[in-house]
Amino acid sequence: MKKEKRKINKKKYITFLIIIILILGYSIYAACSLIINPTDTFIVENGKLSSEETVQGYIIRDEKILKGENYKNGISQIKAEGEKVAKGEAIFRYYTNGEEELKKKIEELDIKIQEAWESESNIFPGDIKILEGQIETKLSEIYHLSDLQKIKEYKKDLNSYITKKAKIAGDKSPAGSYLKKLIEERSNYENQLNQGSEYLKTDRSGVVSYRVDGLEEILTSTDFGYLSKKMLEDLNLKTGQIVSTSEESAKIIDNFSCYIVCVLKHEKIEEKQIEVEDKITLKLSGSEELQAQIVYISKESENEDLVVFKTNKYVEQLINYRKISLDVIWWDISGLRVANNAIKQEKDDLYYVIRKRVGYIDKIYVKILKQGEKYSIIENYDDNKELINKGISEEDVKSRKRIALYDEIKL
């Protein structure tokens, strides 16, 4: 009996072992099959296809240089970089000769005036209450500022309030007093500072920029006939390089539009039948897309065309650059996306896919809207007559199925 039990247990063990080996073998086979041929079906999904060309673009703007006689003295900015200004506004001034020395003397006098004012006993606090309040408000607000230009403006206002306060104190002190002399001396230095400054005003509205590269009068927007691929390459500009800030001049830029010059493949222009006034989508390096209008096209060679785009988007961001990298999007389309090898051709201009659904297989005729290297965007036929004209019987047309999102189709 014991021997019989051992034989039975041995047979069970062997049988169990064989089953395990078979399961493992099948699992390995299935895994290998998936690696070699992952699946024989494709799931229909929403997708997007596009045709893009990465090119270099040269930025051209309608811009005017502001430069005075004392450009060697350096600039004191009145308007900040990128600030919008109206016609007639002062943009910046040049430092005067000996300005640092004059400023130092004024600062020293401010300390003496404050000390002298505190020693006066015949000044009534009510006379300067408003100025004290303005000074406190400005001091409170200045702590929350990060814009350097705004801080300069607040500092200027503070100096103005302190000066007025000192003048009130001087007027109320006895004639010929020490305080009054200090105030008069300060006024003289201040007049010297202001009279020696050269202020630059704009004769047009626009955006202020101190990023001047010397190409403002070379790359102009009045007539694009001077442009060529060689001329642009000879500028030796680096892609993406930020234009340096000038200490000698500024410029006023038209903030409504700018131009981007590119050299493109002629076959794309011809294939798309691109003409002046047509619109194309451009994509900047930061993934921002914008619509641009073509305003100029010239033939560079048999294979290339020079194209000028005009855009009114991201104009202020482009102020920093003269040459950028961008993508020209020749076309893009969204819809039902399928793998190209899932689409079968029955005859010229008639395509179909094989759908698998709960054990049934259907042949579904589809239109190819756009085809890329690996995928296509397709749609169903909505007009029965269109299929009948392609040779499909009325009976097949009436009983035909439609492809839908997440359908499983054979490759």
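Restricting segment 317-362 to residues that are of a type in the set (D, E, K, R) and touching a Leu at 6+ places or on another chain (Cβ under 6 Å) leaves a set whose member that is farthest from A404 (Cα to Cα) is R322.
Looking only at segment 201-245, filter to residues that are polar (S, T, N, Q) and part of a strand (DSSP E or B); which one of those is surrounded by the most Cβ atoms within 10 Å (Cβ to Cβ)? Filtering first and then ranking leaves S209. Can you work out which of the residues in segment 374-407 that are among the charged types (D, E, K, R), free of Cβ contacts under 8 Å to residues at least 24 places away in the same chain and assigned to a loop (DSSP other than H, G, I, E, B) is farthest from E52 (Cα to Cα)? Out of the qualifying residues, it is D383. Taking first residues from segment 39-61 that are modelled with pLDDT of 90 or more and surrounded by 13 or more Cβ atoms within 10 Å (Cβ to Cβ) and partners that are acidic (D, E) and not in a strand (DSSP E or B), the Cβ contacts under 7 Å between residues at least 6 apart in sequence or on separate chains come to V44/D407; R61/D254. Scanning segment 395-411 for residues that are modelled with pLDDT of 90 or more and either surrounded by fewer than 13 Cβ atoms within 10 Å (Cβ to Cβ) or of a type in the set (S, T, N, Q) (or both) returns A404, L405, Y406. Exactly one residue among E288, E248 is surrounded by 13 or more Cβ atoms within 10 Å (Cβ to Cβ), charged (D, E, K, R) and touching a residue at least 12 places away in the same chain (Cβ under 8 Å), and that residue is E248. Tell me whether segment 204-211 contains one or more residues that are in contact with a helix residue (DSSP H, G or I) (Cβ under 9 Å, 6 or more places away or on another chain) and among the hydrophobic types (A, V, I, L, M, F, W, C). Checked segment 204-211: at least one residue is in contact with a helix residue (DSSP H, G or I) (Cβ under 9 Å, 6 or more places away or on another chain) and among the hydrophobic types (A, V, I, L, M, F, W, C). Within segment 96-112, the set of residues being in a loop (DSSP other than H, G, I, E, B) and buried (at least 18 other Cβ atoms within 10 Å of the Cβ) comprises just one member, T96. Of all residues in segment 64-83, those that are part of a strand (DSSP E or B) and not small (G, A, S) total 5.
Among the residues making up segment 237-268, none is out of contact with any strand residue (DSSP E or B) (no Cβ under 9 Å at 6 or more places or on another chain) and modelled with pLDDT of 95 or more.
Evaluated against (1) farther than 17 Å from Q56 by Cα; (2) among the charged types (D, E, K, R); (3) surrounded by 15 or more Cβ atoms within 10 Å (Cβ to Cβ), R322 falls short on exactly one condition, (1).
Please indicate, with yes or no, whether at least one residue in segment 281-288 is in a strand (DSSP E or B) and over 15 Å from the mean Cα position of the chain (by Cα). The answer is no; no qualifying residue exists.
Checking E316, E304, E346, E300 one by one, the residue that is acidic (D, E), in the same structural domain as K401 (by TED's automatic domain parsing) and surrounded by 13 or more Cβ atoms within 10 Å (Cβ to Cβ) is E346 and no other.
The values are calculated or read from the model by the stated rules, or taken from the named source; none is laboratory data. Small disclaimer: the values here were computed from a predicted structure and weren't measured. When we count neighbours, we look across all protein chains shown, and the Cβ atoms used for this are built from the backbone with ideal geometry, even at glycine.
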